[in-house]
1. Quickly work out the residue 128-to-residue 260 label distance, labels modelled 7 Å from Cα along the C-beta direction, and quote it in nm with one decimal.
2. Report, to two decimal places, the Cα Rg of the range 167-225 normalised by 2.2 N^0.38 Å (N = number of residues).
3. Using every alpha carbon pair in the range 97-152, what percent of pairs falls into each 10 Å bin from 0 up to the bin containing the largest distance?
4. If one computes the Cα centroid of the range 25-81 and of the range 82-146, what distance in Å separates the two points?
5. Relative contact order, percent, of the chain when contacts are C-alpha pairs under 8 Å separated by at least 6 residues?
6. Which percent of Cα pairs goes in each bin when the distances of the range 18-166 are cut into 10 angstrom slices starting at zero?
7. By average Cβ neighbour count within 10 Å, what is the ranking of 298-307, 260-269 from highest down?
8. Compute a Gaussian network model of the chain, connecting alpha carbons closer than 10 Å, and tell me which residue from 199, 118, 218 fluctuates the most.
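Values quoted throughout were computed directly from the atomic coordinates according to the rules given, and no laboratory measurement underlies them. Remember, it's a predicted structure, so these values are computed and weren't measured experimentally. Virtual Cβ from ideal backbone geometry, glycine too; neighbours counted across all protein chains shown.
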Ligand code: R5P
């Protein structure tokens, strides 16, 4: 049922809607309030914002407002685990723990950007990936279900010891690109690595445009292009990936495309992690424009080349199915 339908349904339906929505609550910590507010507003609720106190040694204490009234409710806690990854991870775990203590019916952790998702395997031979352990932490604090958005790779879901829904909004991404390109003629989509291949192929099918795949090698944070598979004619290239972190992957591919004669190069990245100097590097690069989501609040990393798109509707679409 969509909220939009309800808004035309008159006073009686609005009251029914109120009762229907009373069954659940939306919570987001102060650091992730912007997205939380949008989600809560679309769900016709007031956002509950806990207090987060940090002590001199960096330890955190999370407390819920006294009037939070969570007993018997389905509670959606909205927060990405972006950098500073351990502060945000710990904050979220502490918040989920206090929510659990409040006698709720169910806890759904809505984590659009899930930090550690790339650690399905170790970066050193013989090492062990850590994403399964991180997922276990959420189970340990009583999370019943996790909702993520464009998780690094589909097989990571299998490493979770609880139900997990990973939203893969192919149609949304395709339509966004269509809206922002004056014409799709001359457009070529680009998968910057193997992990992005399937996603980019599906978007290219929806838009009926060609695509190229690059393969890369990674040594810790450093990446290098190994090969290019496919060829497509055009002047405009759009690199599509789940995230931009150090910017290494994106910038290598952007430079390679420029060398091949692409004049207008765009980036469409779901999660703008933008560690270190990535934002400045992208601003000074050959990228014409970057589109990133609000899964992570950019603050002073928001650069002129960057346009932020809103994912709250995507999250709400899934949340509505859970209540
Ligand atoms: C990795 O496979 C991901 O899909 C991204 O391509 C990668 O994490 C981006 O990282 P960076 O910006 O540091 O190259």
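1. 4.1
2. 1.25
3. P(r) for the range 97-152, in whole percents per bin: 22, 44, 24, 8, 1.
4. Spelled out, the Cα-based centre of one part sits 16 Å from the other.
5. 12
6. 11, 42, 33, 12, 2, 0
7. 260-269, 298-307
8. 218
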